[in-house]
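A.B. asks: Can you keep this structure in mind? I'll have questions shortly.
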Amino acid sequence: MDTPALIIKDPWLSPFSGVIKRRMDQVYEKKQQLTSRFGSLSKFALGHLYFGCHKTKNCWIFREWAPNATKIFLIGTFNDWKENKIFRFSKGADGIWELKLPHSAIRHLDIYKLSMHWGNGSGERIPAWSKRVVQDPETLIFNAQLWDPENPYKWKNKFTQSKDQPPLIYEVHVGMATEEYKIGTWDDFRQQILPRIIEAGYNTLQLMAVQEHPYYGSFGYHVSGFFAASSRFGDPESLKQLIDEAHSHGLRVIMDIVHSHAVKNETEGIGKYDGTPFQFFHDGIRREHVAWDSLCFNYGKDEVIHFLLSNIQFWMTEYQFDGFRFDGITSMLYYDHGLNRNFTNYEMYFDGQQDEDAITYLSLANELVREINPEAITIAEEMSGYPGIAFPLKDGGIGFDYRMAMGTPDYWIKIIKELPDEKWNVDELYYELTNKRAEEKTIGYAESHDQALVGDKTIIFRLIDKEMYHGMSKDIQNIPVERGIALHKMIRLITIATAGNGYLNFMGNEFGHPEWIDFPREGNNWSYQYARRQWSLVDNKLLRYHFLSDFDREMINLIRKYQLLTKYCPIRKYVNTRDQILAFERGSLLFVFNFNPVRSFPDYGIRCSAGKYSVVLNTDPLIFGGQERVNSEIIYHAYPEKIFAPDYLLKIYVPSRTAIVLKREKVKRVHDMI
């Protein structure tokens, strides 16, 4: 085998070429094995069309994989939850059970479970392949529900956005998207929030907590029903309508999918589905995730790969999702889930403590996504820096399109928390924001939902803190608030301007949503106070919140207009750590940041490319809550400067705590600049 391109791009990986090639071979061998009977991964991953409940011309057919079971009955409202022989499954080969019923035996909206028997035990189970699961509002018990509407949703729009279009992601949790003290619905979101996202200019909608989960406060990460869209947000037709309408406005819709672990619940989930602890998961010490109180899939079992790959194809075909953000990848990659490593050298990625079955599964998952829809995207939430996570399989990688730049929000928290802004080192800041694997695409972000959870603080709350409660009114001068607003704009602008190939924002953070996220739980008396988004704050023009939202919209539009994340990389032009001035170019734009909290600099010399420059965005206008110190009408001219050759010198007024974006126009001669 030729040297994989991953190693050519990064020669420091050469000592591990044998491991990289072996991992590649294992993926191709597993793919060949799984597809030998079917011809392709997409034809292999059709379990959702076979297992579960299906309506045929003549009858209903239920199928389940439960190799350890000795008897299975269907119980529900249609038979008073009693076992009887009419509803008893028959066991076939390979542990597959089947039940056929006439159409009259079970109807739309009937609720049911399986009564599973094994050895000396038994228990009620929600079918693993259920496409609809509901919770009784009085007993709080979860059951499967037959979903067979008379008028199923008919798709109206086909999404056509190319995957080459960089994702500008608006990350949302539909349940907490409403301002009301309740769980929001798919319809609430489609009618009330989707128009805001469209107006804000984002081109990708990331839906969290889609898969059914028994505990609302888990943020959707303790999944019980892998094929069921959470009923607490509405019915399947409403979710389809939301996605369809988003597509009609040109938005890509991706799903936050959880294949890294599963909830431990046995009745609601698949923890001991057929009575064994190891049907879907590891047995012994590897079964439970020590930090997440959840169960770890055994990716070495073909049946588990079939289950999870079918899950991917189900969401892409049944609900027409345009890709996925895969949660918890680091946990999957390492036997210790990455908890006991600092990842300071390459040895830690190739020392034999990696779960190569998981690596194989992730590679196959990416292969499948592309096979189903070549324009779909995949994003890895991976914090260890695993080399090649977002690099093609054929070249030695795992195959994701993007990786999350998870170090960026951690860095912002660190400097905001530990240093006064007069001590921010702009040289270090630029290094941290641009320190990425050049061969892999990344999604940059200043903060996501992670930075807003209870016990943590959003960026705006770290900057302003208690002053937000009384200082956001426009008719009150408040220096801490004005500082926080200025830095909030600068932080988000420099993050997106240095982002690798995409950008993410969690809903409401663009306008500085106050406080934190805390779902209803016993510790807060089951309150929805912090599990909602207060859109009235940004709509109230007497408050300052809309300044941040208005700036964010113009920032996003600027990035889209000049296609900065598509074609160009940032190029550092000038750094002065004493003055706290930083300038870099990206494409035809020059970004100038003055993080100095007190000093403004007239006629400040900035190294730049030849041309004449006009201001296209700055953080200081009154309309963005600034002080209007930048004259956007001036045309600036760059002149030759011997010490900067072949670059030029641009002199510009740079106010304190301000960022300026200038558009360069090329000129043929110095005379043309006068």
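The values are calculated or read from the model by the stated rules, or taken from the named source; none is laboratory data. Given the structure is predicted, the values throughout are model-derived calculations rather than measurements. Glycine also receives a Cβ, built like all others from the backbone with ideal geometry; neighbour counts cover every protein chain displayed. To get the accessible areas, we keep the full protein, side chains included, count just its heavy atoms, and leave off ligands, DNA and RNA. Shrake-Rupley method; radii C 1.70, N 1.55, O 1.52, S 1.80 Å.
A.B. asks: Taking the Cα centre of the stretch 4-160 as origin, sum charge times position over the Cβ atoms of Lys and Arg (+1) and Asp and Glu (-1), and report the length of that vector in debye to the nearest 20. All intermediate terms of the calculation are to be shown ahead of the outcome.
C.D. replies: On the way: 25 positive and 14 negative charges, 137 e Å.
In total the dipole reaches around 660 debye.
A.B. asks: When ranked by the protection proxy of mean other Cβ atoms within 10 Å per residue, highest first, what sequence do the peptides 425-437, 316-328, 66-78 form?
C.D. replies: Peptide ranking by packing, descending: 316-328, 66-78, 425-437.
A.B. asks: Would you calculate the separation in nanometres between label points at Thr70 and Ile635, each defined as 7 Å from the Cα along the Cα-to-beta-carbon direction?
C.D. replies: Between Thr70 and Ile635, the label points sit 9.0 nm apart.
A.B. asks: Taking only the Cα atoms of the chain, how large is their convex hull per residue, in Å³?
C.D. replies: Value for the chain: 175 Å³ per residue.
A.B. asks: Can you list the HN-Hα couplings for the stretch 621-632, worked out from phi with the Karplus curve (6.51, -1.76, 1.60; θ = phi - 60°), rounded to whole Hz and with x for Gly and Pro?
C.D. replies: Residue by residue, the stretch 621-632 yields x, 4, 5, 10, x, x, 10, 6, 9, 10, 8, 7 Hz.
A.B. asks: Follow-up question, since we're still on this one. Please report, for the Cα atoms of the stretch 408-453, the Rg to one decimal and the Dmax as a whole number; what are they, in angstrom?
C.D. replies: For the stretch 408-453, the Cα-based Rg and Dmax read 12.0, 35 Å.
A.B. asks: Using DSSP to define loop residues, name the GluC sites (Glu not before Pro) in the stretch 57-114 whose beta-carbon has at most 16 other beta-carbon atoms within 10 Å.
C.D. replies: Filter output for the stretch 57-114: Glu83.
A.B. asks: On alpha-carbon atoms, Rg over Rh for the stretch 458-547 using Kirkwood Rh?
C.D. replies: Numbers: Rg = 14.5 Å, Rh = 14.4 Å.
For the stretch 458-547, the value is 1.01.
A.B. asks: Report, in degrees rounded to the nearest 10, the 0 to 90 angle that the Cα long axis of helix 407-418 makes with the longest principal axis of the chain.
C.D. replies: The two axes meet at around 60 degrees.
A.B. asks: Moving to a separate point now. What whole-number value in Å² describes the accessible area per residue of the stretch 585-674 for a 1.4 Å probe?
C.D. replies: On a per-residue basis, 48 Å².
A.B. asks: Please state the shape class of the stretch 266-355: rounded when a/c is under 1.5, otherwise prolate if a/b exceeds b/c and oblate if not, all from the C-alpha gyration tensor.
C.D. replies: Oblate shape, in that a/c is at least 1.5 and b/c is the bigger or equal ratio.
A.B. asks: Another one. Compute the angle between helix 236-248 and the longest alpha-carbon principal axis of the chain, please, reported from 0 to 90 degrees and rounded to the nearest 10.
C.D. replies: 30 degrees
A.B. asks: Something else now. At 1.4 Å probe size, with the rest of the protein present, what percent of the exposed accessible area of the stretch 1-137 is carbon and sulfur atoms?
C.D. replies: Heavy-atom surface of the stretch 1-137 belonging to carbon and sulfur, 1.4 Å probe: 51 percent.
A.B. asks: A further question follows. If each Cα of the stretch 420-511 is one equal point scatterer, what is log10 of I(q)/I(0) from the Debye formula at q = 0.10, 0.16, 0.22, 0.24 Å⁻¹?
C.D. replies: Normalising to I(0) and taking log10 leaves -0.31, -0.76, -1.22, -1.32.
A.B. asks: Around Glu150, with a cut-off of 14 angstrom between Cβ atoms, what is the net charge of the other residues, counting Lys and Arg +1 and Asp and Glu -1?
C.D. replies: Working: positive: Lys55, Arg107, Lys154; negative: Asp148, Asp235, Glu237.
Result for the local shell: 0.
A.B. asks: Here's a follow-up. Calculate, in nm to one decimal, what Lys154 and Thr577 gain on full extension: separation in residues at 0.36 nm each, minus their alpha carbon distance.
C.D. replies: Once the chain is fully extended between Lys154 and Thr577, it gains 146.4 nm.
A.B. asks: Which percent of the accessible heavy-atom area of the stretch 395-484 goes to carbon and sulfur, probe 1.4 angstrom?
C.D. replies: Answer for the stretch 395-484 is 49 percent, counting heavy atoms of protein chains only.
A.B. asks: Right, next: So what's the angle, to the nearest 10 degrees on a 0 to 90 scale, between helix 545-561 and the longest Cα principal axis of the chain?
C.D. replies: For 545-561 against the chain, the angle is about 90 degrees.
A.B. asks: Compare the peptides 118-126, 587-595, 158-166, 649-657 by average per-residue count of other Cβ atoms within 10 angstrom and give them in order, highest first.
C.D. replies: Top to bottom by mean Cβ count within 10 Å: 587-595, 649-657, 118-126, 158-166.
A.B. asks: While we're here: Could you run the Karplus curve 6.51 cos²θ - 1.76 cosθ + 1.60 with θ = phi - 60° over the stretch 502-508 and give me ³J(HN,Hα) per residue in whole Hz, x for Gly and Pro?
C.D. replies: x, 8, 9, 9, 8, 3, x
A.B. asks: So, one more: How big, on average over all directions, is the shadow cast by the Cα convex hull of the stretch 585-674, in nm²?
C.D. replies: Values: hull surface 24.1 nm².
Averaged projected hull area, Cα only: 6.0 nm².
A.B. asks: Could you pull out every residue, at least 5 positions away or on a different chain, whose amide H is within less than 5 Å of the one on Gly323? Hs are placed 1.01 Å off N in the peptide plane, and Pro or chain starts have none.
C.D. replies: Under 5 Å from the amide H of Gly323 lie the amide H atoms of Met255, Ile377, each far enough along the sequence or on another chain.
A.B. asks: Leaving out ligands and nucleic acids, note down the accessible area per residue over the stretch 282-352 with a 1.4 angstrom probe, in whole Å².
C.D. replies: It amounts to 37 Å² per residue over the stretch 282-352.
A.B. asks: Grab the beta carbon distance between Gln563 and Trp12, set R0 = 25 Å, and tell me the FRET efficiency rounded to 0.05.
C.D. replies: Computed FRET efficiency for Gln563 and Trp12 comes out at 0.20.
A.B. asks: So for the stretch 105-162, what percent of the C-alpha to C-alpha distances run longer than 15 Å?
C.D. replies: 65 percent
A.B. asks: Out of Phe506, Ser549, Trp412, whose Cα points farthest toward the positive end of the dipole of the chain (charges: +1 Lys, Arg; -1 Asp, Glu; placed on Cβ)?
C.D. replies: The listed residue farthest towards the positive side: Ser549.
A.B. asks: Roughly how large, in nm² to one decimal, is the mean projection of the convex hull of the alpha-carbon atoms in the stretch 22-109?
C.D. replies: So the Cα hull casts an average projection of 8.2 nm².
A.B. asks: For a protection proxy built on the mean count of beta-carbon atoms within 10 angstrom, sort 99-105, 401-407, 6-12 highest first, please.
C.D. replies: Result, highest mean Cβ count within 10 Å first: 401-407, 6-12, 99-105.
A.B. asks: Write down the accessible area per residue of the stretch 114-176 in Å², having rolled a 1.4 Å probe over the full set of protein chains.
C.D. replies: Values: 3070 Å² over 63 residues.
Here the residues of the stretch 114-176 average 49 Å² of exposed surface.
A.B. asks: If I take all pairs of Cα atoms in the stretch 516-674, what percentage of them are more than 21 Å from each other?
C.D. replies: Here the long-distance tail beyond 21 Å is 56 percent of all Cα pairs in the stretch 516-674.
A.B. asks: Can you pull the percent of the stretch 147-229's accessible area that's carbon plus sulfur, 1.4 Å probe, other chains left in place?
C.D. replies: Ligands and nucleic acids excluded, carbon and sulfur reach 49 percent.
A.B. asks: What is the set of long-range amide H partners of Thr442 at a cut-off below 5 Å, with H atoms built 1.01 Å from backbone N?
C.D. replies: The answer is Arg403, Gly500, Asn501, Gly502.
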